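What follows is calculated from the coordinates using simple rules that are stated; it is not laboratory data. Keep in mind it's a predicted model, so treat the numbers as computed, not measured. We place every Cβ from the backbone using ideal geometry, glycine too, and count neighbours over all the protein chains shown.
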Amino acid sequence: MQQEIRRKTIHLIVNSLIPVIYLFINIPKIWMVILIGIATVFVILIDLGRSRDGWLSRIFTKLFKKMLRTHELNGKLTGASYVFIGAFISVTIFPKEIAVLVLLFTAIGDTAAALYGRRFGKIKIWNKTVEGSIVGLIACFIIASFFPQIPNIVKFSGAFAAMLIELLPINIDDNLRIPLFSGFIMYILSVPFI
């Protein structure tokens, strides 16, 4: 559990940093896309390099081995790569407020669901817990309430969509599917309000 807490703490910090910077520092969308794009390429190159290069693999393993999932240890992309890919796509295709909110759903809602579900969850659905999903949904609702400029039906549907897609046993990393699915739902629902 200690390693999961460490992993989710990093997940929370990195995943929150991108939307917070985008929200509070007045960076034009094009520059945010470029910056996240460069960071994404850099993270993916490190991720790919760790499974191909001896010295990079040794350093990476020494720093992160205890936090990596089995598939990541076996050479698949880490969650960090998917965080940046998800952020890049979200910032590129969604309006700013939706991109920020879905990235916060991923950072906070997913983290709350995972930590609470692992510690207190009893009712399993696939490889998740109902209790974790409920706590994640509550966290997403709380986050959404800080965005008064987004209509309630849009932001709360996005929060529900984020935790629904997190719960479903789909073989796509949460850091990619949560922001894209919830962002898509929010974007479609926001069209009448534009």
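Descriptive notes on the structure:
- Shape of the stretch 2-193, Cα gyration tensor, a/c cut at 1.5: oblate
- Over the stretch 104-194, all Cα pairs binned in 5 Å intervals from 0 give whole-percent P(r) values of 3, 16, 26, 24, 16, 9, 4, 1, 0, listed from short to long.
- Chymotrypsin sites (Phe, Trp or Tyr not before Pro) lying in DSSP loop within the stretch 86-194, provided at most 11 other Cβ fall within 10 Å: 126, 146
- Computed over the chain: relative contact order in percent, which uses C-alpha pairs under 8 Å that are six or more apart: 23
- Entry note, the chain: the mean residue ellipticity at 222 nm calculated from DSSP H runs of n ≥ 4, each adding -39500 (n - 2.57), is -24000 deg cm²/dmol after division by the residues and rounding to the nearest 500.
- Spatially close Lys pairs in the chain, defined by Cα atoms under 20 Å apart and a spacing of eight or more places or different chains, total 10.
- Within the chain, the selection of entire DSSP H helices by a Cα span of 20 Å or greater along the long axis and an average Kyte-Doolittle value of at least 0.0 returns 2-24, 29-50, 79-93, 130-144, 152-167, 174-190.
- Residue order for 163, 32, fewest other beta carbons within 10 angstrom first, comes to 32, 163.
- Longest DSSP-loop-exposure-free segment, trypsin sites (Lys or Arg not before Pro), the chain, at most 13 other Cβ within 10 Å: 123-194
- Under-5 Å amide H pairs with residue 125, H placed in peptide plane, nonlocal only: 130
- Only Lys, Arg, Asp and Glu carry charge here, each on its Cβ (+1 for the first two, -1 for the last two); on that basis the chain has a dipole of about 640 debye about its Cα centre.
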